[in-house]
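Accompanying notes for the structure given below.
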Amino acid sequence: MTDQPAPAVQSRTVLCIEDEHFISELYTRALTKGGYHVTVEGDGEKALAEAQTDKYDIILLDLMLPNLTGIEILRTLRDTARVPPLRAKIIITTNLEQREDVRADIESHADGYLVKAEMTPHELVNFLDTVK
C-alpha cells in the first residue's frame, strides 16, 4: 500500500462586484482567509463582462455601481435565453432600502440577498460556506 497525498481541496472562486474599496478589501481579506479565491471588480460594465466568463462559483453583486447597475447585471446574467445558463450562484449585497415588491423581484432572480450593514465579513464567509 502506497501513501498517496490527499486530493487537494479546490478553493471556490468568488467575483466580488463592489465599487466601495473599503468594503471590497474587507470582503477580500475575510474570504481569502476562509479559503476562497477572490476577484474584485468595481465597474458595472467590466463586472458584467467578467461575470459572463462563467468561471466563478459565487458572484457577490452590489446594486449601486458605476456604468451599469447591479439590477441590470442580474437581469443580463439570469436571461433565460442564455445558453448555457450561468453556473454561478448570485448573492445580492446592498445597503439600499428596497420596497417589498422591488426586493421580492430582485430576490426571485438571485440566489441570496444580504444587507451589508447587518453582516460582518466573517458572517459573510460563514454564509457563503453554506451556498451550494
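Every read-out reported here was derived from the displayed coordinates using simple, explicitly stated rules and does not represent laboratory data. Bear in mind the structure is a predicted one, so any value in this text is a computation, not a measurement. No Cβ is skipped: glycine too gets one built from the backbone with ideal geometry, and neighbour counts run over all protein chains shown.
Some points to look at:
- Length released on extending from S11 to E45, taking residue separation times 0.36 nm less the Cα-Cα span: 9.6 nm
- Relative contact order %, region 13-130, counting alpha carbon pairs below 8 Å whose residues are six or more apart: 26 percent
- Cα gyration tensor category, rounded, prolate or oblate, for region 13-130 with a/c compared to 1.5: rounded
- Near Q98, no amide H atom lies under 5 Å from its own; only residues 5 or more places off or on other chains count, and H is placed 1.01 Å from N.
- Projecting label points 7 angstrom from Cα along Cα→Cβ for E123 and E97 puts them 1.9 nm apart.
- Taking every full run of DSSP H in the chain, none both stretches at least 15 Å from end to end by Cα along its long axis and averages 1.0 or higher on the Kyte-Doolittle scale.
- Residue-averaged 222 nm ellipticity for the chain, from DSSP H runs of 4+ at -39500 (n - 2.57), nearest 500: -11000 deg cm²/dmol
- Distances between placed amide hydrogens fall under 5 Å for S11 paired with no residue 5 or more residues away or on another chain.
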